[in-house]
């Protein structure tokens, strides 16, 4: 099964909230660039999978440096990103073949669990899609101008990555024109008429967007060694 698995790692963002000159995916987590930590972790679960990374063309020097920290047996295709995530993923799909199961992952989520990876590929192989989600722990309020009202948090989930799809569904979905509400790959695939299956994510699998997130991830990695 592993030979038909394909990771797409999206790493085209600038990370303005991190307030650094270096895009956040190339910052060091411990002593290793964040993107390399993420890719190495993905391949601990499925070392025979394929891999395509999407970078901003202007960041080639950052990528060349970071790629030296990726395990040498991992072969990585490189695609260049576009103005939105939609265009970046579409660029990476040029490396995707028929009958593959594709996992699209944020480069700045280095803490995805092996259980999520295994379950995601299994469910997508059977059902076509698999999206990891976690329950909300805090109360929610819906804003309406100056007013607000409580909403039942049990009706909502937080979406994570990787998001898993059969390649034929994914390739078909990305033939659509871009819409502003395409916030993740699941929204693109859903707009093409496909049902989205949810699986349990792991709460540690945060998206690193701030210095506090980076410190939290480093603490977790240190405590799990």
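Highest mean packing comes first when the peptides 164-174, 203-213 are listed by Cβ atoms within 10 Å, giving 164-174, 203-213. Our summary gives the chain a relative contact order of 23 percent, counting only alpha carbon pairs under 8 angstrom and 6 or more residues apart.
For a label point 7 Å from the Cα of residue 172 along Cα→C-beta, name the residues of segment 94-111 whose backbone N is under 20 Å from it. Within reach of a label on residue 172: 94-104. Projecting label points 7 angstrom from Cα along Cα→Cβ for residue 140 and residue 207 puts them 1.6 nm apart.
Counting every other Cβ atom within 10 Å of each residue's Cβ, 69, 86 order from fewest to most as 69, 86. Estimated from helical segments only, the mean residue ellipticity of the chain at 222 nm is -9000 deg cm²/dmol, where each DSSP H run of four or more residues counts as -39500 (n - 2.57). Within the listed set 76, 116, 151, the Gaussian network model of the chain (springs between alpha-carbon atoms below 10 Å) gives the highest mean-square fluctuation for 151.
Extension gain, residue 114 to residue 183: 0.36 nm times the residue separation minus the Cα-Cα distance gives 22.4 nm.
Among 183, 38, the order by Cβ neighbours within 10 angstrom, fewest to most, reads 183, 38. Neighbour counts of other Cβ atoms within 10 Å put 137, 159 in the fewest-to-most order 137, 159. Remark: spin-label model distance residue 158-residue 191 equals 2.5 nm, labels positioned 7 Å along the Cα→Cβ axis. Of the beta bridges in the chain, as assigned by DSSP with both residues counted there, near 45 percent are antiparallel.
Every number in this text was worked out from the coordinates using simple rules, so none of it is lab data. Bear in mind the structure is a predicted one, so any value in this text is a computation, not a measurement. Every residue, glycine among them, receives a Cβ derived from its backbone with ideal geometry; neighbour counts consider all protein chains shown.
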